[in-house]
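Enquirer: Following this message is one structure expressed as structure tokens.
What follows draws every value from the coordinates through simple rules; no lab data is involved. What you see is a predicted model; the values in this text were computed from it and never measured. Every residue, glycine among them, receives a Cβ derived from its backbone with ideal geometry; neighbour counts consider all protein chains shown.
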């Protein structure tokens, strides 16, 4: 990789005085120019979180990483560094409902979501999505059944490894991942759930909401964990509904909420604005 470029550094460590100065001085000593900085100290966990965007005129990522490897232990710092010129590799998973997939593909094609889509995985045949243009994106049909879930997940994991996917997106993929696979994908698998969590977890949440006569419905994007719909929440949104709305009305309204919540979540994640904080997240909005 050639020297120079723009980089994003995210970090977390035990909170204490002098962290900002130490990190800034380290970057300055390597002739780096900070152009954006955000930080958060969590009084509940005692941890400090930071996101920095900086320019380096002469050093490549490998040299910067070597410097951070030597610097980080003194602050007990966990960190990631990304060259902003490198697009993240993303694998999309979908079931029958394809509105989120269609929206993601559109936003990707117009340049709104800077990523490389390395594949689409579905548990329905390709003909289910015949109105969508997958262009040259590899499509993988992995049907699921009660007795072959382990084999299907083994094939899915093989695809994740072979494609080099850095992020897996469940774009209304209506299959529950096993605890083993969820653990393997910790921190790099996002689900869009058609409910304003923590309310109405599991299947058919709009119908659950209708039975309870709610006046607000929503959607939630969260990291996938072994506990169904319990992962750290990244982004949410809502719409008002009324007593006159049917379950089908809630589904229709919900489709729009799901699309925009997932799109915002992807923009945040792709720009390194989402940091895990135990069972929660720190989200540095722009």
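Enquirer: Convex hull over the Cα atoms of region 78-135, averaged projected area in nm²?
Expert: Mean orientational projected area (region 78-135, Cα hull): 5.3 nm².
Enquirer: Please report, for the Cα atoms of region 145-222, the Rg to one decimal and the Dmax as a whole number; what are they, in angstrom?
Expert: 15.0, 46
Enquirer: Against the longest principal axis of the chain, how steep is helix 247-270, in degrees 0 to 90 to the nearest 10, with axes from Cα atoms?
Expert: Helix 247-270 sits at roughly 20 degrees to that axis.
Enquirer: If you fit an axis through the alpha-carbon atoms of helix 149-163 and take the longest principal axis of the Cα set of the chain, what angle between them do you get, 0 to 90°, nearest 10?
Expert: 40
Enquirer: Determine how many Å³ per residue the convex hull of the Cα atoms of the chain encloses.
Expert: Per-residue hull volume (Cα only) is 150 Å³.
Enquirer: Suppose each label sits 7 Å from its Cα in the direction of the beta carbon; what would the residue 78-residue 116 distance come out to in nanometres?
Expert: With each label point 7 Å from Cα toward Cβ, the separation is 2.7 nm.
Enquirer: Of 73, 125, 138, which is the most mobile in a GNM of the chain whose springs link Cα atoms less than 10 angstrom apart?
Expert: Result for the chain, Cα springs under 10 Å: 73 fluctuates most.
Enquirer: Remind me, relative contact order of the chain in percent, using alpha carbon pairs under 8 angstrom and six or more residues apart?
Expert: Relative CO of the chain lands at 15 percent.
Enquirer: For region 171-196 and region 213-282, what is the separation of their Cα centres, given in Å?
Expert: 13
Enquirer: If you average the sequence gap of Cα pairs under 8 Å that are 6 or more apart and divide by the length of region 1-143, what percent do you get for the contact order?
Expert: For region 1-143, the relative contact order is 24 percent.
Enquirer: Would you compute, for the Cα atoms of region 22-113, the largest minus smallest coordinate along each principal axis and list the three values in descending order, in whole Å?
Expert: Projected onto its principal axes, the Cα set of region 22-113 covers 51, 39, 21 Å.
Enquirer: Compare 150, 29, 158 in a GNM of the chain, Cα atoms joined below 10 Å, and give the one with the largest fluctuation.
Expert: Maximum among the listed residues: 29.
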